[in-house]
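Structure first, commentary second.
The values are calculated or read from the model by the stated rules, or taken from the named source; none is laboratory data. As the structure is a prediction and not an experimental result, all values here were calculated from the model. Here the Cβ positions follow ideal geometry from the backbone for every residue, glycine too, while neighbour counts run over all protein chains shown. Accessible surface areas use protein heavy atoms only, side chains included; no ligands, DNA or RNA. Shrake-Rupley method; radii C 1.70, N 1.55, O 1.52, S 1.80 Å.
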Amino acid sequence: MTILVKIADLDLSGKTVLIREDYNVPIKNGVVTSDIRIRATLPTLTQVLEAGAKIILVSHLGRPTAGEYDEAFSLAPVAKSLSDFLEIDVPLIKDWTNGIDMSDHQVVICENVRFEKGETTNDEALARKMAQLCQVYINDAFATAHRAQASTHGVAKYASISAAGPLLIKELKALSKALRDPVSPLVAIVGGAKVSSKLTILETLLGKVDQLIVGGGIVNTFLKAAGYEIGKSLYEADLVEVASKLMKQAEESDCHIPLPIDVVCGKEFDENTAAETKSVNDVTADDMIMDVGPETSKQLNKLIAKANTIVWNGPLGVFEFKQFSQGTKNLADAIAESDAYSIAGGGDTIAAISTFNIEDKISYISTGGGAFLEFLEGKKLPAIEILEEAARAWEAMERAREL
Ligand code: AMP
């Protein structure tokens, strides 16, 4: 785990603290429909308030056009929800870039940071303005850590002190435990539609895992590479050679990529198409492979049962269609029953976890779609890098003060 400045390292009494949270929550008719992300931040807010600080909150919501106010993307419903949870008035500040009048122990939330020109382009002037609002900047939003934007990156450069919030640290710890320092055997499951979107992940994981289970459209490309008939299945013709190379690489590095022995096929990509389970050797030219079969599930279950660490991203089949969801359900159940340390992330994976009702049985569900995938790819996340830089500067300053 990298060195980061934490809230507990700082004296926040009387200070103004700018906290970047992730309040990108679903809203319908002006009301927050899922407040999980808001509730998750309450311990951070309480800790900072108890330390005697004033809090300025910043977050984005959706993808509005920069420079234009649009009520549909206003954080007003979030301000209301925060006021209810904290039992204090949390005003929404519309014009905040040039300074905010605050009283002691107050909490305010700035209007959607993406209404500002310069947020998504990491504009220096905007980042400096944010830094001037506070004495301490805290980034607590893992889900946006893969983006270098003014509120996630630039501000950390210019604030006097930049620290990592507890939610961000918790997420980094969970991901590092599974990927940087895993207890073996480590089994990774990478499913989903396309090899091309997860190629770097597959390459990175190959060097680390004991078993690499590929599923979804991805496995079709691997089956094609292994010489199987895959009919009309979704696959990527120009990546067949790459899949071949990955399989060879896996053999050489003692990693195992199990291919399905049976599959569930349909004739059309349609929710009403009839499903037929067959041996992987019996797929015909008019078949579409849309799930793994029960024999394959049994094999995968054995691998999952032996694992001590499990990393999961992407469904094994077209789980949105009931007749092709069983393979992903079997996998979800096997992970749920396993004692291994398991982490899962990515939009469709979270949807599958919720469909199969196993949220409580996964050790850690990552909040960050894009950030989770980039972490799996082994990439450095810019918002974390800048906090590490800030931590080194802060440590040097502290040491100099002690002398
Ligand atoms: P991704 O966003 O890459 O994780 O892909 C998830 C999507 O892949 C889901 O919507 C699945 O329906 C789809 N998918 C999984 N398996 C298949 C398959 N065999 N054929 C077509 N689509 C698939």
Hey, SER176 more than 16 Å from the ligand (Cβ to nearest atom), of a type in the set (S, T, N, Q) and part of a loop (DSSP other than H, G, I, E, B) or not:
no
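For (1) open to solvent by 10 Å² or more (accessible area, probe 1.4 Å); (2) farther than 30 Å from ASP9 by Cβ; (3) acidic (Asp, Glu); (4) away from the ligand (no atom under 16 Å from the Cβ), each residue gets a yes or a no:
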| position | (1), (2), (3), (4) |
| --- | --- |
| GLN149 | yes, no, no, yes |
| SER160 | yes, no, no, yes |
| GLU171 | no, no, yes, yes |
| SER196 | yes, yes, no, no |
| LYS208 | yes, yes, no, yes |
| TYR228 | yes, yes, no, no |
| ALA243 | no, yes, no, no |
Going residue by residue through region 210-224, is there one that turns out to be open to solvent by 10 Å² or more (accessible area, probe 1.4 Å) and among the hydrophobic types (A, V, I, L, M, F, W, C)?
no
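For (1) touching a Lys or Arg at 6+ places or on another chain (Cβ under 6 Å); (2) of a type outside the set (Lys, Arg); (3) exposed (fewer than 15 other Cβ atoms within 10 Å of the Cβ), each residue gets a yes or a no:
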site	(1), (2), (3)
ASP11	no, yes, yes
VAL25	yes, yes, no
LYS28	no, no, yes
ARG37	no, no, no
THR44	no, yes, no
ALA51	no, yes, no
SER59	no, yes, no
LEU75	no, yes, no
In region 247-286, how many residues are among the hydroxyl-bearing types (Ser, Thr, Tyr) and within 30 Å of the chain's Cα centre (by Cα)?
1
What's the number of the only condition in (1) within 16 Å of the ligand (Cβ to nearest atom); (2) touching a helix residue (DSSP H, G or I) at 6+ places or on another chain (Cβ under 6 Å); (3) hydrophobic (A, V, I, L, M, F, W, C) that ILE304 fails to meet?
(1)
Out of region 318-359, which residues are surrounded by fewer than 17 Cβ atoms within 10 Å (Cβ to Cβ), in a helix (DSSP H, G or I) and within 16 Å of the ligand (Cβ to nearest atom)?
LYS322, GLY347, ALA351, SER354, THR355
Tell me, which strands (runs of 3 or more DSSP E) wholly within region 254-299 include 2 or more residues that are more than 12 Å from the ligand (Cβ to nearest atom), more than 12 Å from SER233 (Cβ to Cβ) and modelled with pLDDT of 95 or more?
276-279
Out of all the residues in region 360-392, which are within 16 Å of the ligand (Cβ to nearest atom) and among the aliphatic types (A, V, I, L, M)?
ILE365, ALA371, LEU373, LEU376
Sort out which residues of region 245-274 are exposed (fewer than 11 other Cβ atoms within 10 Å of the Cβ) and of a type in the set (Gly, Ala, Ser), and write them in order of number.
ALA274
How many residues, within region 300-316, are part of a loop (DSSP other than H, G, I, E, B) and open to solvent by 10 Å² or more (accessible area, probe 1.4 Å)?
2
Which residue, of GLU124, GLU87, is under 25 Å from LEU4 (Cβ atoms) and over 25 Å from the mean Cα position of the chain (by Cα)?
GLU124
What about ALA156, is it open to solvent by 10 Å² or more (accessible area, probe 1.4 Å) and either within 16 Å of the ligand (Cβ to nearest atom) or over 19 Å from the mean Cα position of the chain (by Cα) (or both)?
no
For residues in region 244-253 being small (Gly, Ala, Ser) and not in a loop (DSSP other than H, G, I, E, B), which is modelled with the lowest pLDDT?
ALA250
